[in-house]
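Inspection log for the structure reproduced underneath, given as structure tokens.
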Amino acid sequence: MPETMETTEPENARQLLSKTGGPLEKSLFAPVYENELNKDEQDVAVYLDGEQALSWWHRNVARSQYGIQGWKKAKIYPDFIFAVQSAGKTKKITALETKGDQLDNLDTAYKRDVLAFLSDHFAWDETTPAGELELVQNNGETVHGTLILMSEWQAKLPGYLKP
């Protein structure tokens with residue numbers, strides 16, 4: 001994760017607002033400018049920010065921030081990374097890749113395969129595989145990776161926000 005977030009937007013640029021009309025509160029970096037996200041990403045960001053169980057979220061910037069290396073040359077840059085915290089229990093971190101429905105193609109299938117492969121074969125020193133697209137650290141913290149088509153995010157994303 002980056003320590004700082006650079007922007008090309010001027011300080012007085014229009015900020016993305018929460019459901020209540022105020023600034024977004026759970027983004028790791030503030031402010032979040034409207035012009036830095038497309039309409040679908042804005043909708044997901046506002047949704048994430050309004051979720052009570054969410055600790056924080058980050059809009060990952062392709063080709064300059066967190067990337068997952070698969071077997072093809074180009075890395076996969078998840079669109080969002082977010083953490084869910086339940087009262088004193090495990091923390092779940094999810095890397096979310098969203099795709100427009102028109103992009104449900106070979107590239108999308110590749111990204112799904114990479115996430116599944118990493119889940120099945122990758123382990124840190126203190127982690128063990130715990131099923132498809134999930135790693136569980138010995139302290140109970142879990143890490144998930146998922147790809148959701150934009151038409152499905154409203155139906156599928158709530159399942160990733162349960163503590």
Flagged in the range 28-67 as open to solvent by 80 Å² or more (accessible area, probe 1.4 Å) and of a type in the set (A, V, I, L, M, F, W, C), in numbering order, are ALA30
Restricted to the range 68-101 and to residues being at pLDDT 80 or above and among the small types (Gly, Ala, Ser), the residue surrounded by the most Cβ atoms within 10 Å (Cβ to Cβ) is ALA83
Query - Test result for GLU41, under 17 Å from ILE93 (Cβ atoms), in contact (Cβ under 8 Å) with a residue 40 or more places away in the chain and of a type in the set (D, E, K, R) - result: no
Screening GLN52, GLN65 for residues that are in contact (Cβ under 8 Å) with a residue 24 or more places away in the chain and assigned to a loop (DSSP other than H, G, I, E, B) leaves only GLN65
Pairs returned, first residue in the range 3-27 that is under 14 Å from GLN42 (Cα atoms) and open to solvent by 100 Å² or more (accessible area, probe 1.4 Å), second residue that is assigned to a strand (DSSP E or B) and among the aromatic types (Phe, Trp, Tyr), beta-carbon separation under 9 angstrom, 6 or more apart or interchain, are ARG14/TYR33
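The values are calculated or read from the model by the stated rules, or taken from the named source; none is laboratory data. No experiment lies behind these values; they were computed from the predicted model shown. So basically every Cβ, Gly included, is an ideal-geometry build from the backbone, and we count neighbours across all protein chains shown. The accessibility values were calculated without ligands, DNA or RNA, using every heavy atom of the protein model including side chains. Shrake-Rupley method; radii C 1.70, N 1.55, O 1.52, S 1.80 Å.
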